[in-house]
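What follows is a single structure, and I will ask about it in a moment.
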Amino acid sequence: IWEGRDVHMYWTQRILEEYPKLRKIFNTEEKVKEFRGINKTSFVFKSFYGAMTYSVASWYNTVYGIPIDIISELHEEFWDTYTGVKKWQQNLLDLYKEFGYTESLTGRRWYAPLSTNKILNYPIQNIASMDICLCAGDRLSDHAYVTNQPRFQYNINIHDSLDFYLPE
């Protein structure tokens with residue numbers, strides 16, 4: 001992000017380079033952007049949140065027919081690129097093994113039993129859902145009350161999203 005790179009598009013392009021048959025499906029700029037959205041959740045985030053190589057590769061094999069070895073090699077390349085993230089993940093797993101909880105950046109803890117994915121996901125998603133969305137929601141609620149504009153009162157917080165009812 002700091003260097004202006006689009007990590008999701010980078011890995012989208014890498015998959016298209018390694019398996020050019022997909023260019024028949026994703027053959028326009030708009031369709032490549034669509035594929036970027038798929039890879040965002042199915043390759044990048046899935047990996048960052050603890051999916052194993054075989055799980056990621058199997059999904060691409062099932063959905064797009066990409067040979068497992070191609071995605072497996074790309075997944076190894078992914079982790080060679082993000083060694084700092086891999087170390088951070090290992091630190092989270094070590095903390096969990098020693099103390100029986102995972103922890104957000106603000107100190108909120110989630111205790112055992114947890115899956116590997118939950119251990120790795122919680123520190124990031126908790127910040128997004130609790131500290132960013134709910135704080136923003138509280139500020140919007142205050143604004144809605146003070147200005148008598150109920151449209152700024154959110155109805156529900158789901159994960160990292162605030163949902164509203166808005167007049168037409």
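Kindly report the accessible area of the chain per residue (heavy atoms of protein chains, probe 1.4 Å, no ligands, DNA or RNA), in Å².
For the chain, the per-residue accessible area is 65 Å².
Here's a follow-up. Within the chain, what's the longest run with no chymotrypsin sites (Phe, Trp or Tyr not before Pro) in a DSSP loop and at most 11 other beta-carbon atoms within 10 Å? Give the range, please.
Answer - 3-164.
Once P(r) over Cα pairs in 10 Å bins from 0, in percent is worked out from the coordinates, which option in [x] 11, 37, 34, 16, 1; [y] 9, 28, 27, 23, 11, 2; [z] 11, 33, 31, 20, 5, 0 does it equal?
[y]
Tell me what the chain gives for mean residue ellipticity at 222 nm when only DSSP H runs of n ≥ 4 count, each as -39,500 (n - 2.57), the sum divided by the residue total, rounded to 500 deg cm²/dmol.
Mean residue ellipticity at 222 nm (helix-derived): -17000 deg cm²/dmol.
Per-residue HN-Hα couplings for region 52-65, Karplus 6.51 cos²θ - 1.76 cosθ + 1.60 at θ = phi - 60°, whole Hz, x for Gly and Pro?
6, 3, 5, 5, 5, 5, 5, 4, 5, 5, 5, 7, 10, x
HN-Hα J couplings of region 13-21 from phi, Karplus 6.51/-1.76/1.60, θ = phi - 60°, integer Hz, Gly and Pro as x?
Each residue's phi maps through the Karplus curve to give 5, 4, 5, 5, 5, 7, 9, x, 4 Hz.
What spacing in nm lies between the two simple spin-label points modelled at residue 6 and residue 157, each 7 Å away from Cα in the Cβ direction?
Between residue 6 and residue 157, the simple spin-label model gives 3.1 nm.
If you fit an axis through the alpha-carbon atoms of helix 83-99 and take the longest principal axis of the Cα set of the chain, what angle between them do you get, 0 to 90°, nearest 10?
Taking Cα atoms only, the helix is inclined about 60 degrees.
By how many degrees, 0 to 90 and rounded to 10, does the Cα axis of helix 29-39 deviate from the longest principal axis of the chain?
80
May I ask you to list the lysines whose Cα is less than 27 Å away from that of residue 40, ignoring any residue fewer than eight positions away on the same chain?
21, 24, 31, 86, 87, 118
Here's something else I'd like to know. Pulled fully out, how much extra length does the chain show between residue 45 and residue 124, if you take 0.36 nm times their separation in residues and subtract their Cα-Cα distance?
Stretched out fully, the residue 45 to residue 124 stretch lengthens by 27.3 nm.
Right, another one. Looking at region 27-135, which trypsin sites (Lys or Arg not before Pro) are DSSP coil and have at most 15 other C-beta atoms within 10 Å of their C-beta?
108
Could you tell me the relative contact order of region 1-120? Use alpha-carbon pairs under 8 Å, at least six residues apart, and round to a whole percent.
20
Convert each backbone phi in region 138-149 into a coupling constant with the Karplus relation 6.51 cos²θ - 1.76 cosθ + 1.60 (shift: θ = phi - 60°), then list the ³J(HN,Hα) values in order as whole Hz, x for Gly and Pro.
With the stated coefficients, region 138-149 comes to 5, 5, 5, 4, 4, 4, 4, 6, 5, 9, 6, 10 Hz.
Further question on the same structure: Whole angstrom only: what separates the Cα centroid of region 1-59 from the Cα centroid of region 93-119?
28
The values are calculated or read from the model by the stated rules, or taken from the named source; none is laboratory data. These numbers come from a predicted model, not from an experiment. No Cβ is skipped: glycine too gets one built from the backbone with ideal geometry, and neighbour counts run over all protein chains shown. Side chains are part of the model used for accessible areas, which takes the heavy atoms of the whole protein and leaves out ligands, DNA and RNA. Shrake-Rupley method; radii C 1.70, N 1.55, O 1.52, S 1.80 Å.
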